[in-house]
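Undergrad: Here it is, the structure, as structure tokens.
The values are calculated or read from the model by the stated rules, or taken from the named source; none is laboratory data. These figures come from a predicted structure and were not determined experimentally. Virtual Cβ from ideal backbone geometry, glycine too; neighbours counted across all protein chains shown. What goes into the accessible areas is simple: the full protein's heavy atoms, side chains included, and nothing from ligands, DNA or RNA. Shrake-Rupley method; radii C 1.70, N 1.55, O 1.52, S 1.80 Å.
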Amino acid sequence: MRVLELFSGIGGMHFALKESGVPFSYIVAAEISTSANPVYKLNFPRACLLCRNIESFGVDEIDRISPDILLMSPPCQPYTRNGLKKDTKDKRSCALINLLELLPKLNGSLKYILVENVRGFETSNARQKLLDFLVDNHFNYQEFLLSPTQFGISNSRTRYYLIAKKKPLEFGFPITSSIITDPAKAGFPMDIGDSCFPISSILEVEDNFDSPSYKELLIPIERLAKQINVLDIVSKDDARSCCFTKSYSIYMEGTGSVYSPFPLNSSELDRIPKRENYSSEEQFFKALESLKLRFFSPKEISRLMCFPEEFRFPENHTLKQKYKLLGNSINVKVVAYLIRLMINEN
């Protein structure tokens, strides 16, 4: 099958397609980001990667690709809970809207569509335009709100997903007009998310506090002093982590978990240093320093997002660039499951 991967980012959809085991003969990817494209090209040197604005595609060009499968993760900023929620009035939604106007004019090769976006897309006008397109062009479809934790992955990242297939093709499970939030209702194994793995299984950086790799990731004491109470702190025995966003390490609250080398249960979290308990700022800073709290490394985050071990970044990409690109990407394992569910009929 021939695949068109739009808004391809660092290649999460491509990795998911490979992991799904669905055979494909050709893939064309398109992405405008000059930061993401070198990552994609490094990991898929033989892929046809176009540095293009999606709005620049025409009917003839897509017909020449003649895709059987369309995979896409359009920009999420118009729909995110922390944004302005301008929806279709946001210029960043134009590419998706234009695409939905373009697709009905194609030669008819397209049989399968998978869309991923943030939670919040399900209440948007853009989503309604997507559903209208699918109905008008005779696609069966199913929507989901799913988190990797439901698949045994120790990272909370609830996302909107839609899979669609051209009639008369049918799904191997009963579809519903409701958004599915329980994987079992779509035929996933009942025990798929019974237990998540401990954080220790994804760690790359050893607890050697004098090593350059650990020091590079240490949270500055000045930032801890101001914001330690808003951090989500996990240690190696925990089997959870919060969603990592593109602002990880730039902002402290709600952008992803941080790592503690020392186990912290709920009662011990109450003993995190507070300024009022110390007679001087120096003593307070020393107490904070002793915690050795650090950010997760890009490799550790990529493991939580189920990228394969061979995934890598170009050497000249900065730490903040890597965090931003990962925060904009997808969970590979979850999408791989959905691709199989979309293609299979039993």
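Undergrad: Output the residues belonging to region 124-159 that are without any contact (Cβ under 8 Å) to a residue 12 or more places away in the chain and either of a type in the set (S, T, N, Q) or assigned to a strand (DSSP E or B) (or both).
TA: Gln128
Undergrad: Take the residues of region 330-346 that are open to solvent by 10 Å² or more (accessible area, probe 1.4 Å) and not aliphatic (A, V, I, L, M): which is nearest to Val205 (Cα to Cα)?
TA: Looking only at region 330-346, we keep the residues that are open to solvent by 10 Å² or more (accessible area, probe 1.4 Å), and these are 333, 337, 340-341, 343-346.
From what's left, not aliphatic (A, V, I, L, M): 333, 337, 340, 344-346.
Values: Lys333: 23, Tyr337: 29, Arg340: 34, Asn344: 39, Glu345: 43, Asn346: 42 Å.
Checking each candidate, the answer is Lys333.
Undergrad: List pairs: first in region 85-109 and in contact (Cβ under 8 Å) with a residue 40 or more places away in the chain, second among the β-branched types (Val, Ile, Thr) and not in a loop (DSSP other than H, G, I, E, B), Cβ under 7 Å, 6+ apart or cross-chain?
TA: Qualifying pairs under 7 Å: Thr88/Ile97; Ala95/Ile54; Leu99/Ile54; Leu102/Val59; Lys105/Val59; Leu106/Val59; Leu106/Ile62.
Undergrad: Taking strands (runs of 3 or more DSSP E) that fall entirely within region 1-113, which contain at least 1 residues that are open to solvent by 20 Å² or more (accessible area, probe 1.4 Å) and under 19 Å from Ile343 (Cβ atoms)?
TA: Values: elements: 2-6, 26-31, 48-51, 69-72.
Ranges flagged: 2-6, 26-31.
Undergrad: Based on this model, can you work out whether Ile228 counts as touching a Leu at 6+ places or on another chain (Cβ under 6 Å) and over 19 Å from Asn331 (Cβ atoms)?
TA: Numbers: touching a Leu at 6+ places or on another chain (Cβ under 6 Å): no; over 19 Å from Asn331 (Cβ atoms): yes.
No, not satisfied.
Undergrad: Can you name the number of the only condition in (1) farther than 20 Å from Ile199 by Cα; (2) in contact with a helix residue (DSSP H, G or I) (Cβ under 7 Å, 6 or more places away or on another chain) that Arg294 fails?
TA: (1)
Undergrad: Here is a follow-up. Please specify each residue of region 282-330 satisfying the condition of being assigned to a helix (DSSP H, G or I) and free of Cβ contacts under 8 Å to residues at least 60 places away in the same chain.
TA: First pass over region 282-330, keeping only residues assigned to a helix (DSSP H, G or I): 282-290, 298-304, 319-327.
Of everything in region 282-330, those that are assigned to a helix (DSSP H, G or I) and free of Cβ contacts under 8 Å to residues at least 60 places away in the same chain turn out to be Glu282, Gln283, Phe284, Lys286, Ala287, Ser290, Pro298, Ile301, Ser302, Lys322.
Undergrad: Does Glu116 count as more than 24 Å from Pro314 (Cβ to Cβ), at pLDDT 95 or above and out of contact with any Gly (no Cβ under 8 Å at 6 or more places or on another chain)? Even if it seems obvious, please write down each step before you answer.
TA: Working: more than 24 Å from Pro314 (Cβ to Cβ): yes; at pLDDT 95 or above: yes; out of contact with any Gly (no Cβ under 8 Å at 6 or more places or on another chain): yes.
Yes; evaluated as a whole, the condition is true for this residue.
Residue-by-condition table, conditions (1) farther than 22 Å from Ala95 by Cα; (2) at pLDDT below 95; (3) not hydroxyl-bearing (Ser, Thr, Tyr):
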site: Met13; (1), (2), (3): no, no, yes
site: Ala30; (1), (2), (3): no, no, yes
site: Lys41; (1), (2), (3): yes, no, yes
site: Phe57; (1), (2), (3): no, yes, yes
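Undergrad: Are any residues in region 123-147 surrounded by fewer than 16 Cβ atoms within 10 Å (Cβ to Cβ) and acidic (Asp, Glu), and if so, which ones?
TA: Hits for region 123-147 are Asp132, Asp136.
Undergrad: Continuing with this model, one more query. Run down Lys215, Lys185 and say which single residue is over 30 Å from Ser290 (Cβ atoms), part of a helix (DSSP H, G or I), free of Cβ contacts under 8 Å to residues at least 40 places away in the same chain and out of contact with any His (no Cβ under 8 Å at 6 or more places or on another chain).
TA: On the way: Lys215 fails: over 30 Å from Ser290 (Cβ atoms).
Answer to the selection: Lys185.
Undergrad: On the basis of being surrounded by fewer than 22 Cβ atoms within 10 Å (Cβ to Cβ), within 28 Å of His14 (Cα to Cα) and in contact with a Leu (Cβ under 6 Å, 6 or more places away or on another chain), does Pro273 make the cut?
TA: Numbers: surrounded by fewer than 22 Cβ atoms within 10 Å (Cβ to Cβ): yes; within 28 Å of His14 (Cα to Cα): no; in contact with a Leu (Cβ under 6 Å, 6 or more places away or on another chain): yes.
Against the criterion (surrounded by fewer than 22 Cβ atoms within 10 Å (Cβ to Cβ), within 28 Å of His14 (Cα to Cα) and in contact with a Leu (Cβ under 6 Å, 6 or more places away or on another chain)), Pro273 does not qualify.
Undergrad: Determine which single condition Ser279 fails, assuming it passes every other condition in (1) within 25 Å of Lys236 (Cα to Cα); (2) open to solvent by 70 Å² or more (accessible area, probe 1.4 Å).
TA: Tallying (1) within 25 Å of Lys236 (Cα to Cα); (2) open to solvent by 70 Å² or more (accessible area, probe 1.4 Å), Ser279 fails exactly one: (1).
Quick grid of which residues meet (1) hydrophobic (A, V, I, L, M, F, W, C); (2) over 26 Å from the mean Cα position of the chain (by Cα); (3) open to solvent by less than 10 Å² (accessible area, probe 1.4 Å); (4) farther than 30 Å from Gln283 by Cβ:
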| site | (1), (2), (3), (4) |
| --- | --- |
| Asn155 | no, no, yes, yes |
| Thr158 | no, no, no, yes |
| Pro189 | no, no, no, yes |
| Ser200 | no, no, no, yes |
| Asn208 | no, yes, no, no |
| Tyr259 | no, no, yes, no |
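Undergrad: At pLDDT 95 or above and surrounded by fewer than 12 Cβ atoms within 10 Å (Cβ to Cβ): is that true of Pro212 in this structure?
TA: So Pro212 fits the description; yes.
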